[in-house]
Amino acid sequence: MSTDADSRVFVVLPSKDEEPNLARLLPRIADTAEDLASLRRIEVVVVDDGSTDGSAALLDRLDRELPIDIEVVTHERNLGLGASLRDGLLAALRRADADDVVVTMDADDSHPPRLIPDLLARLDEGCDVAIASRFVPGAEIHGVPWFRRLTGRGASWLFGLLLPVAGASDYTCGYRAYRAGLLQRAFDRLGDGFIQEPGFSCMLETLSQLSALEKPQVGEAPLVLRYDRKEGPSKMRVAATIAASLRLAWRRRILREGALAEGLGPPA
């Protein structure tokens, strides 16, 4: 099943105090939208997760100035990445058809929008989920300390052992494309239980949940990670995120083995 030539692409951006990064990222998304205009329309959903900078005013101005539709979902207080991802996906799905595509990206300008066509190409080839991966040939990483590179690769290796997902090597990168119908079925079945992790471990949770529900076909495209482009400190606490993700992976591994032992199939 390939994506329809007239399908829309909804780009979901969870954001907390990313004013300078959004000021550069959203025009780049608009440029990508112009390149894809003859094939697909790009619409943007920004979840402003309790920002205290000038993000709200910036988003209002860019919505008026840029040739793309920008919907803003506002959290009056900071709820974390998991809640922001969930609310952004739900906002996109309220407008999306099953054949549309939902792309998730970091709002810190480290994920180049020009890679969106590469992810769409994976869906055109028959995938249900496409991941921008740091661990496939052609990937580039700029500005990430070597220790964080090492821990990221090691964590993904462990996740692959505990919760293997066919076709995936990068379990935590937030730059992904999903078929909208796949996400809608997950929310219809699990509701808020689809995404429960509050922090960055929600990316592993989302992939694991989808894999348990439907065994989607997963493909990857090389990520060009431009960590040198973002302004401001990272909001991810690396050690805490890895620990939370490993706890999640271990819990789901135990649940999966228990369900298989009882002949029930993998748990949702």
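For segment 186-192, backbone phi angles converted through the Karplus equation (6.51, -1.76, 1.60; θ = phi - 60°) give residue-by-residue couplings of 5, 5, 4, 7, 10, x, 5 Hz, Gly and Pro being listed as x. Translational diffusion coefficient of segment 150-205 (Stokes-Einstein, Kirkwood radius from Cα pairs, 4 °C, 1.567 mPa s): 103 µm²/s. Shown is the FRET efficiency for residue 28 and residue 74, computed with R0 = 25 Å from the Cβ-Cβ distance and rounded to the nearest 0.05: 0.60.
For segment 102-114, the Karplus equation 6.51 cos²θ - 1.76 cosθ + 1.60, evaluated at θ = phi - 60°, returns couplings of 10, 10, 10, 9, 6, 8, 8, 6, 8, 10, x, x, 5 Hz by residue, with Gly and Pro reported as x. With θ taken as phi - 60° and the Karplus curve 6.51 cos²θ - 1.76 cosθ + 1.60 applied, the whole-hertz 3J(HN,Hα) list for segment 20-32 is x, 6, 5, 4, 9, 5, 5, x, 5, 5, 4, 5, 5 Hz, x standing for glycine and proline.
Sorting the segments 185-196, 164-175 by their residues' average number of neighbouring beta-carbon atoms within 10 angstrom, most packed first, yields 164-175, 185-196.
Residues whose amide H comes within less than 5 Å of that of residue 42, counting only those at least five positions distant or on another chain, are 9 (H built at 1.01 Å from N in the peptide plane).
Just so you know, all these numbers are worked out from the coordinates, no wet-lab data involved. Please read these numbers as outputs of a predicted model, since none were measured by experiment. Cβ atoms come from the backbone with ideal geometry, glycine included; neighbour counts cover every protein chain shown.
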